[in-house]
Amino acid sequence: MKWCVVGLLAVIAACLLVEVGVSVSTGQAPATTAGGMKNVFVVAGQITKDTYGLYLVDVEYGTICMYDWVPQKQKLRLMAARTFLFDRQLDDYNTEISPGEIKKLVAQQKRLGE
């Protein structure tokens, strides 16, 4: 049963990606779908060892959503949603080596190479 669900989710995601790919390769804007959504990408994937679901990224509105498949209820459940518009404006957050430190290392490497 689990593999059947994964297979169906993969087929749905592949169909959506093919639709977007055809639009991009022909130079046309992605087709607007029911509900007026465009620039939306859906990918099926594994969430935990035993659960599967969908990741939905809306480029136009800068949001990402994660859904998991609940086999007992035969339904998708929204697990998380957030905008990433402001995330992209951060220079340094929760990183092991800060961008400033990387910049110093690159400058040091360039000086040593000369």
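Details
- Cβ-Cβ contacts under 8 Å between residues 6 or more apart (or on different chains), taken from a first residue in the range 92-114 that is free of Cβ contacts under 8 Å to residues at least 60 places away in the same chain to a second residue that is of a type in the set (Gly, Ala, Ser) and surrounded by 11 or more Cβ atoms within 10 Å (Cβ to Cβ), are listed as 92/98.
- Residues in the range 59-74 that are farther than 23 Å from residue 39 by Cβ, outside any loop (DSSP other than H, G, I, E, B) and modelled with pLDDT of 90 or more: 68 alone.
- For the range 24-42, taking the residues that are modelled with pLDDT of 85 or more and surrounded by fewer than 16 Cβ atoms within 10 Å (Cβ to Cβ), the one that is nearest to the chain's Cα centre (by Cα) is identified as 41.
- Filtered residues of the range 78-102 (kept if closer than 22 Å to residue 54 by Cα and in a loop (DSSP other than H, G, I, E, B)): 84, 85
- Only one of the listed residues (105, 56) is part of a helix (DSSP H, G or I), at pLDDT 90 or above and surrounded by 10 or more Cβ atoms within 10 Å (Cβ to Cβ). That residue is 105.
The values are calculated or read from the model by the stated rules, or taken from the named source; none is laboratory data. Keep in mind the model is a prediction, meaning the values are calculated, not measured. Note that we place each Cβ from the backbone using ideal geometry, even for glycine, and neighbour counts take in every protein chain shown.
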